[in-house]
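Colleague: So that we are looking at the same thing, I have put the structure below in structure tokens.
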Amino acid sequence: MIQTISDDDFRKLTNFIKAEYGITLQEKRQLVTSRLSSLVSEQGFNDFGPFVNNLLKERNPQKMELVLNRLTTNYTFFMRETEHFDFFTKVIMPELVRKYQKKKSIAIWSAGCSSGEEPYNLTMCIKEFLGLQASQWDTRILATDISQQALAKAKKGIYEVPDTVPAIWRKKYFKKIEGSRYAVTPDVRNNVIFQTFNLMDPIKFRTKFDVIFCRNVMIYFDQPTKDALVRRFYDVTNPGGYLMISHSENLSKDAPYVTVAPSTFQKK
Ligand SMILES: C[S@@+](CC[C@H](N)C(=O)[O-])C[C@H]1O[C@@H](n2cnc3c(N)ncnc32)[C@H](O)[C@@H]1O
């Protein structure tokens with residue numbers, strides 16, 4: 001049964017989620033109540049009032065995770081917006097290989113990687129490009145998300161592989177488990193480092209990045225939150241480095257990047 005939520009509880013809940021995770025739900029009352037109603041009863045509450053109070057008081061990460069999992073989508077798939085992978089392989093990889101010929105190390109971040117298809121897909125592009133030289137390069141990808149559930153699936157690396165994945169890749173980079181279930185091969189798996197990270201937090205990784213993929217994540221954020229995150233991305237990007245967002249997203253006009261292809265931006 002869909003429960004109702006008072007104006008006050010709705011405001012408290014959505015303000016909290018916005019402040020902690022950047023996710024804007026103020027206009028989405030219907031979505032919030034329909035997606036959270038069953039969780040309210042599953043956790044033994046009669047209505048939203050005590051549920052919201054408990055959530056805000058305890059700030060229990062496991063409980064927050066359950067809420068976030070209902071309110072956001074982890075939807076992702078191999079070869080999603082494949083133009084980005086083409087641009088990455090045809091334009092970015094040749095540039096990076098020229099640039100880092102000596103140190104043989106490139107830094108890529110999949111921010112909001114969900115269940116891992118995106119960073120594994122990038123790994124396959126890198127391996128295709130580098131061929132036999134791949135073992136001489138450090139191409140490890142940092143892949144982060146706020147959802148433990150999505151990251152647990154990512155770490156397992158087991159998927160129903162869609163037909164859009166080229167047959168030759170399926171052979172090279174996956175091992176059949178049973179039926180249509182495949183596991184990514186250990187060398188693909190080991191090229192990705194998964195970590196929990198909330199994109200609202202200050203970005204303090206040891207390295208700066210040559211490429212940041214942050215696709216279909218900022219759709220949840222309002223403009224000021226998005227602008228601030230894009231500035232933080234810019235600060236941790238090497239000169240000449242790239243930011244890729246989804247085709248359905250935009251950067252504001254005063255974003256510091258230069259547009260070089262659809263939804264592809266460069267720090268000049
Ligand atoms: C739709 S998936 C995008 C997956 C992949 N990048 C793609 O384009 O297919 C969006 C992901 O963003 C994550 N996310 C939402 N808000 C976040 C935040 N504040 N910090 C980190 N990840 C967040 C969600 O957990 C979800 O896994």
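Colleague: Among the residues that make up segment 35-44, is at least one of them within 23 Å of residue 217 (Cα to Cα) and either β-branched (Val, Ile, Thr) or without any contact (Cβ under 8 Å) to a residue 40 or more places away in the chain (or both)?
Modeller: yes
Colleague: With respect to the numbered conditions (1) under 18 Å from the mean Cα position of the chain (by Cα); (2) more than 21 Å from residue 91 (Cα to Cα); (3) within 15 Å of the ligand (Cβ to nearest atom); (4) in contact (Cβ under 8 Å) with a residue 24 or more places away in the chain, which one is the sole condition not fulfilled by residue 152?
Modeller: (4) is the only condition that residue 152 fails.
Colleague: Follow-up question, since we're still on this one. Going residue by residue through segment 130-141, is there one that turns out to be within 15 Å of the ligand (Cβ to nearest atom), touching a residue at least 24 places away in the same chain (Cβ under 8 Å) and out of contact with any strand residue (DSSP E or B) (no Cβ under 6 Å at 6 or more places or on another chain)?
Modeller: no
Colleague: Under the condition of being more than 28 Å from residue 173 (Cβ to Cβ) and under 16 Å from the mean Cα position of the chain (by Cα), which residue from segment 200-224 is farthest from the ligand (Cβ to nearest atom)?
Modeller: The qualifying residue farthest from the ligand (Cβ to nearest atom) is 203.
Colleague: Let me ask something additional. Looking at residue 38, is it open to solvent by 10 Å² or more (accessible area, probe 1.4 Å), within 27 Å of residue 199 (Cα to Cα) and not assigned by TED's automatic domain parsing to the domain that holds residue 226?
Modeller: So residue 38 does not fit the description; no.
Colleague: Another question about this same structure. Anything in segment 143-158 that is farther than 18 Å from residue 66 by Cα and open to solvent by 20 Å² or more (accessible area, probe 1.4 Å)? List them, or say none.
Modeller: The answer is 155, 156, 158.
The rows are residues; the columns are (1) closer than 24 Å to residue 90 by Cβ; (2) in the same structural domain as residue 138 (by TED's automatic domain parsing); (3) at pLDDT 95 or above; (4) surrounded by fewer than 16 Cβ atoms within 10 Å (Cβ to Cβ).
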{"site": "178", "(1), (2), (3), (4)": "no, yes, no, yes"}
{"site": "191", "(1), (2), (3), (4)": "yes, yes, yes, no"}
{"site": "203", "(1), (2), (3), (4)": "no, yes, yes, no"}
{"site": "215", "(1), (2), (3), (4)": "yes, yes, yes, no"}
{"site": "243", "(1), (2), (3), (4)": "yes, yes, yes, no"}
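Colleague: Output the qualifying pairs, or none if there are none: Cβ atoms under 6 angstrom, residues six or more apart or on different chains, first residue in segment 219-235 and in a helix (DSSP H, G or I), second residue at pLDDT 95 or above and open to solvent by 40 Å² or more (accessible area, probe 1.4 Å).
Modeller: Qualifying pairs under 6 Å: 234/256.
Colleague: Pairs, please: C-beta under 7 Å, at least 6 apart or cross-chain, first residue over 22 Å from residue 182 (Cβ atoms) and touching a residue at least 12 places away in the same chain (Cβ under 8 Å) and in segment 74-94, second part of a helix (DSSP H, G or I) and not basic (Lys, Arg)?
Modeller: 88/122; 88/125; 93/126; 93/129
Colleague: When residues of segment 204-218 are filtered for being assigned to a strand (DSSP E or B) and either in contact with a Cys (Cβ under 9 Å, 6 or more places away or on another chain) or of a type in the set (A, V, I, L, M) (or both), how many remain?
Modeller: Of the residues in segment 204-218, 3 are assigned to a strand (DSSP E or B) and either in contact with a Cys (Cβ under 9 Å, 6 or more places away or on another chain) or of a type in the set (A, V, I, L, M) (or both).
The values are calculated or read from the model by the stated rules, or taken from the named source; none is laboratory data. All figures in this text were calculated on a predicted structure; none of them were measured in a lab. We place every Cβ from the backbone using ideal geometry, glycine too, and count neighbours over all the protein chains shown. Ligands, DNA and RNA are stripped out before the accessible areas are found, and what is left, the full protein with its side chains, is counted by its heavy atoms. Shrake-Rupley method; radii C 1.70, N 1.55, O 1.52, S 1.80 Å.
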